[in-house]
Amino acid sequence: MSETIFNLARDLSEASEMAALLPDYLIGDQLYGSMSGGIFGSGSKPALTLGALLLRLRRLRQLESHLSSDQQAVLAKAERDHEQARREWHVHYEEKLVHEANSRLDAMRTFFDECTQNPRQCAGLYLPEAMRRTIVQEIALALAAEDITSTELTTKMREIDSQLRRHVRTSEFVWANELAPVYPQETFWWLYSRPPVVS
């Protein structure tokens, strides 16, 4: 999904469906679950993960004033569904959070390899990596809110960020402008960076 064109109603619909499916997802074995009308890797729906849900809930909370009263009610229900599943399945919830963050960080290593081997392609490959890193940040914030620490994850985040900084330069916000207020540059610096275009 490209965040360069943002659709608040789509975020709300996806968050609502993800939150409703959360209990079955949490007790299941898959890290990347599927939603109706889409299977991971195909269709137009994103994969169901905790990070993907947290990403949408943050944006919807921050932009709630742009929602109608009916939409705000849908958001409130999604947040209740999320919180109830988190409380009832907290061990599964925490394990899935850490697993997803590590998986997404590991996936970024391919990007670094591709940028090193072919710098001309690096800029064109960046947006999915910005999304991966943003979802990892949402997970890190959720873990911190629960006072959960993972030394492995903290170390891996530092390592990946160090590599990422070597491949990007400061730029304008890389996603749709209406999302910029949701993502302060100090915390989400990679959304204000991109690889240089190499001719």
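All of the numbers you see were taken from the coordinates with simple rules; none came from a lab. Computed from a predicted model, the values in this text were never measured in an experiment. Cβ sites come from the backbone with ideal geometry, for glycine too, and all protein chains shown count toward neighbours.
Could you compute the net charge surrounding Asn102? Neighbours are other residues with a C-beta less than 15 Å from the C-beta of Asn102; K and R count +1, D and E count -1. Don't skip to the end; give the middle numbers.
Numbers: positive: Lys96, Arg104, Arg109, Arg132, Arg133, Lys156, Arg158; negative: Glu94, Glu95, Glu100, Asp106, Glu138, Glu152, Glu159, Asp161.
So the environment of Asn102 carries a net charge of -1.
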Note the angle between two axes, namely the Cα long axis of helix 50-62 and the longest principal axis of the Cα atoms of the chain, as a number of degrees from 0 to 90, rounded to the nearest 10. 80 degrees
Return the sequence-ordered ³J(HN,Hα) values of region 12-29 in whole Hz as given by the Karplus equation 6.51 cos²θ - 1.76 cosθ + 1.60 applied to θ = phi - 60°, using x for Gly and Pro. 5, 4, 5, 5, 4, 5, 4, 5, 5, 8, 4, x, 5, 5, 5, 8, x, 8
I need to check one value: relative contact order of the chain, counting alpha carbon pairs closer than 8 Å and at least 6 residues apart, in percent. 24 percent
By the gyration tensor of its Cα atoms, with a ≥ b ≥ c the square roots of the eigenvalues, what is the shape of region 143-195: rounded for a/c under 1.5, prolate for a/b over b/c, or oblate? oblate
What is the Cα centroid distance between region 130-199 and region 48-102, reported in whole angstrom? 19 Å
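Order by neighbour count: Lys96, Lys45, Lys77, fewest other Cβ atoms within 10 Å first, most last.
Values: Lys96 23, Lys45 19, Lys77 13.
Ascending number of Cβ neighbours within 10 Å: Lys77, Lys45, Lys96.
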Using alpha-carbon coordinates, inclination of helix 126-145 to the longest axis of the chain, degrees: 50 degrees
For Ser34, the residues 5 or more places away or on another chain with a placed amide H closer than 5 Å to its own amide H are Leu48
Could you compute the net charge surrounding Asp29? Neighbours are other residues with a C-beta less than 15 Å from the C-beta of Asp29; K and R count +1, D and E count -1. -2
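Find how much the distance from Leu127 to Arg109 grows on full extension, using 0.36 nm per residue of separation minus their present alpha carbon separation; answer in nm with one decimal.
Working: separation 18, 0.36 × 18 = 6.48 nm, distance 1.45 nm.
Stretched out fully, the Leu127 to Arg109 stretch lengthens by 5.0 nm.
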Only counting other Cβ atoms within 10 Å, I'd like Trp175, Trp189 sorted with the fewest neighbours first. Trp189, Trp175
Set of lysines with alpha-carbon distance to Lys45 below 25 Å, sequence-local pairs under 8 removed: Lys77, Lys96
Identify all aspartates and glutamates with a Cα-Cα distance to Lys156 below 16 Å; exclude those on the same chain that are fewer than 8 residues away in sequence. Glu100, Asp106, Glu129, Glu138
Check which residues have an amide H placed less than 5 Å from Ser171's amide H, if you skip close sequence neighbours. Ser193, Arg194
